[in-house]
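Participant: Below: one structure in structure tokens.
The values are calculated or read from the model by the stated rules, or taken from the named source; none is laboratory data. Small disclaimer: the values here were computed from a predicted structure and weren't measured. With ideal geometry, Cβ positions are generated from the backbone for all residues, glycine too; neighbour counts draw on all protein chains shown. Just so you know, the surface numbers come from the protein's heavy atoms only, side chains and all, with ligands and any DNA or RNA stripped out. Shrake-Rupley method; radii C 1.70, N 1.55, O 1.52, S 1.80 Å.
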Amino acid sequence: MYKKVFAVLIVLLAAMTCVFAGGAGESSDDPMSGTITFAIWDNNLNAFIEENDMVGRFQEAYPNADVEVEKIKDDSEYWNSMKIRTSGGQLPDVMFNKPFTIARFQDYLIDLSDTQAAQNNILAEGYAVDGKILGVPMTAGYEYVFYWKDLFREAGVEVPTTWPEFVEVCQTLQEYYGKDNEDFIALGIGLKDEWPDYPFMEFMPSLISGEGDMWNWMASQDKPFEAGTDIHTAYTRVYELFTSGVLGKDPLGLGNDQINNLFAAKQVAIFPSGDWSLQNIINAGADISELGTFYLPVRMSEDEPYRVIVQGDSLMGVTTHSENQELAKAFVEWFYSDAWYPDYIAYVSSSSAMENFPKEKDLILAESDENCPDMELVTYGGAGDDFTAIQNATSFDYKKLGAQMMTEGFDLEETFEDLNARWAEARADLGF
């Protein structure tokens, strides 16, 4: 009898094992199970993810899911990595883009127009490609000029509201503090990394023209760098400023992190950067009681509009390489929901991009608005296919160009002529 009972138990156990095994197999087909990769370069976001257990919190909503966060050193390395991985079908499930990279990766991103995250975002539609929202901006980014009020007071200068005033303030600060400190830097830009010149090289043409899609205009021109164009005007002003001595004795020897730390130590008086830099300045241990901000003035006189750039930053998208796009979309939805986004946007210094989660500006950043009551906002857009194709054909890189301005033997007018020639040739070769 015992043998029979034992045999029956064995049969039942085997049957239950088959049932559970079958159940496990079925769960693998669940679109909300599995592992997705999330690639980032932002140090502040990475710190917040680790400190606030993003993966664990996501798993509260999706218990069978996992997220692998892939932290890449900086945005330059990020774009190089993503470009290489497109050809191998190895893009992460979820990636970030900038407005100027959406066109570059548009064939590798799925449409997120039907998500609540996209519909609640105040900037996403403005970056749609052919009516498709390929990335949901994480923040609304404004560009600021950080400065030390006490250094301004001692040197006898005030917040500038025009470009000539800005140049004069930089020169006065350099002369005043540089006479006793040869390492002092009036205007801190980490040209060793190249990209930190973007407030000037990337945004000034749009600020001067008032057009956020300046790059797409360039794609329609054979000679966009000729005298009289906004590109020529902007880069001429930048060149004159950069070569005036206000960047210190070794402009190409310092990167952004070094400039940030020197600014925190008040060895740099002025630091143009995005709102995200406020977090970095605080993290560097600065006493921010004398920290102030203003918007970069590019107008030549107060009779012109005081234009200010706003852009969607860090556009989160789901790639076509993802083997679990439904889970990746669910992660995007979760990221921009009340389960995560309000805590994140409260942590960073950037402004909210979500209409359902508004945020007041930090008092230090809000000073810029007080200093500029008559501002005219310019929404910075990305670049289309035509510009990207011409850019690739000519190797035009505005951030590299800003750093090249500081190299020995650089001739701006010769560079303009060469760029115009290559631009026209590329447009002809491409059939534009």
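Participant: Name the single residue that is farthest from Phe242 (Cα to Cα) among those in the range 376-406 being open to solvent by less than 60 Å² (accessible area, probe 1.4 Å), hydrophobic (A, V, I, L, M, F, W, C) and part of a helix (DSSP H, G or I).
Facilitator: Result: Ala389.
Participant: Does the range 150-173 include one or more residues that are of a type in the set (S, T, N, Q) and buried (at least 22 other Cβ atoms within 10 Å of the Cβ)?
Facilitator: To start, the set of residues in the range 150-173 that are of a type in the set (S, T, N, Q) comprises 161-162, 171-172.
Going one step further and asking which of them are buried (at least 22 other Cβ atoms within 10 Å of the Cβ), we end up with none.
Checked against the condition, which is being of a type in the set (S, T, N, Q) and buried (at least 22 other Cβ atoms within 10 Å of the Cβ), the range 150-173 yields no hits at all.
Participant: All but one of (1) buried (at least 17 other Cβ atoms within 10 Å of the Cβ); (2) more than 22 Å from Gly384 (Cβ to Cβ) hold for Asp183, so report the exception by its number.
Facilitator: Checking Asp183 against (1) buried (at least 17 other Cβ atoms within 10 Å of the Cβ); (2) more than 22 Å from Gly384 (Cβ to Cβ), the one that fails is (1).
A quick yes/no check of all residues on (1) of a type outside the set (A, V, I, L, M); (2) more than 30 Å from Trp423 (Cβ to Cβ); (3) touching a strand residue (DSSP E or B) at 6+ places or on another chain (Cβ under 7 Å):
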residue: Tyr344; (1), (2), (3): yes, yes, no
residue: Met354; (1), (2), (3): no, yes, yes
residue: Asp369; (1), (2), (3): yes, yes, no
residue: Val378; (1), (2), (3): no, no, yes
residue: Ala389; (1), (2), (3): no, no, no
residue: Ala393; (1), (2), (3): no, no, no
residue: Phe396; (1), (2), (3): yes, no, no
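Participant: Which number in (1) at pLDDT 95 or above; (2) of a type in the set (D, E, K, R); (3) closer than 25 Å to Pro297 by Cβ marks the one condition that Arg422 misses?
Facilitator: For Arg422, the failing item is (3).
Participant: I need the full set of residues from the range 356-370 which are over 20 Å from the mean Cα position of the chain (by Cα), of a type in the set (Asp, Glu) and in a loop (DSSP other than H, G, I, E, B), in order please.
Facilitator: Listed by number, the list holds a single entry, Glu360.
Participant: Count, please, the residues in the range 297-311 that happen to be buried (at least 21 other Cβ atoms within 10 Å of the Cβ) and assigned to a loop (DSSP other than H, G, I, E, B).
Facilitator: Final tally of qualifying residues: 2.
Participant: Assuming Asp183 fulfils every condition listed in (1) outside any loop (DSSP other than H, G, I, E, B); (2) more than 16 Å from Pro272 (Cα to Cα); (3) at pLDDT 95 or above apart from one, which condition is it?
Facilitator: So Asp183 meets the others, but not (1).
Participant: Residue check: is Asp343 more than 24 Å from the chain's Cα centre (by Cα) and open to solvent by 60 Å² or more (accessible area, probe 1.4 Å)? Break it down into steps so the answer makes sense when it comes.
Facilitator: Numbers: more than 24 Å from the chain's Cα centre (by Cα): no; open to solvent by 60 Å² or more (accessible area, probe 1.4 Å): yes.
No; evaluated as a whole, the condition is false for this residue.
Participant: Right, something else. Taking the condition of being touching a residue at least 40 places away in the same chain (Cβ under 8 Å) and closer than 17 Å to Phe184 by Cα, how many residues in the range 143-154 meet it?
Facilitator: Of the residues in that region, 7 qualify.
Participant: Something else about it: Filter the range 346-375 down to the residues that are farther than 24 Å from Ser206 by Cβ and open to solvent by less than 10 Å² (accessible area, probe 1.4 Å) and list them by number.
Facilitator: Met354
Participant: Out of the residues in the range 220-244 that are acidic (Asp, Glu) and under 14 Å from Glu413 (Cβ atoms), state the one that is most open to solvent (accessible area, probe 1.4 Å).
Facilitator: By that ranking, first place goes to Glu240.
Participant: List every residue pair whose Cβ atoms lie under 6 Å apart, where the two residues are 6 or more positions apart in sequence or sit on different chains, the first residue falls within the range 193-222 and is free of Cβ contacts under 8 Å to residues at least 24 places away in the same chain, and the second residue, located anywhere, is open to solvent by 30 Å² or more (accessible area, probe 1.4 Å) and part of a helix (DSSP H, G or I).
Facilitator: Ser209/Asp230
Participant: Six or more apart or on different chains, Cβ under 7 Å: which pairs go from a residue in the range 42-63 that's at negative phi to one that's in a helix (DSSP H, G or I) and open to solvent by less than 50 Å² (accessible area, probe 1.4 Å)? Could you list them?
Facilitator: These pairs meet every condition: Asn44/Gln279; Phe48/Tyr344; Phe58/Phe331; Phe58/Trp334; Ala61/Trp334; Tyr62/Ala330.
Participant: Picking from Ala47, Ala65, which residue would you name as being more than 30 Å from Asp193 (Cβ to Cβ) and either under 31 Å from the mean Cα position of the chain (by Cα) or modelled with pLDDT under 50 (or both)?
Facilitator: Answer to the check: Ala65.
Participant: Still on this structure: Could you please tell me which pairs satisfy a Cβ distance under 9 Å, a separation of 6+ or placement on different chains, a first residue in the range 269-285 that is closer than 16 Å to Val310 by Cα and open to solvent by less than 40 Å² (accessible area, probe 1.4 Å), and a second residue that is polar (S, T, N, Q) and assigned to a helix (DSSP H, G or I)?
Facilitator: Ser273/Asn256; Ser273/Asn260; Ser273/Asn280; Ser277/Asn256; Ser277/Asn260
Participant: Checking Gln279 against (1) part of a helix (DSSP H, G or I); (2) out of contact with any strand residue (DSSP E or B) (no Cβ under 8 Å at 6 or more places or on another chain); (3) modelled with pLDDT of 95 or more, which test does it fail?
Facilitator: The single condition Gln279 does not satisfy is (3).
Participant: Scanning the range 312-328 for residues that are under 15 Å from Leu91 (Cβ atoms) and in a helix (DSSP H, G or I), which turns out least open to solvent (accessible area, probe 1.4 Å)?
Facilitator: Filtering the range 312-328 for residues that are under 15 Å from Leu91 (Cβ atoms) and in a helix (DSSP H, G or I), the one least open to solvent (accessible area, probe 1.4 Å) comes out as Ala328.
Participant: Just checking, how many residues over the range 250-268 are touching a strand residue (DSSP E or B) at 6+ places or on another chain (Cβ under 8 Å), open to solvent by 20 Å² or more (accessible area, probe 1.4 Å) and polar (S, T, N, Q)?
Facilitator: Number satisfying all stated conditions: 1.
Participant: Let me spell it out: the conditions are (1) at positive phi; (2) of a type in the set (Gly, Ala, Ser); (3) assigned to a helix (DSSP H, G or I), and Gly409 meets all of them except one. Which number is the exception?
Facilitator: (3)
Participant: Now, a different point. Can you go through Pro342, Pro373 and tell me which one is assigned to a loop (DSSP other than H, G, I, E, B) and not hydroxyl-bearing (Ser, Thr, Tyr)?
Facilitator: The conditions single out Pro373.
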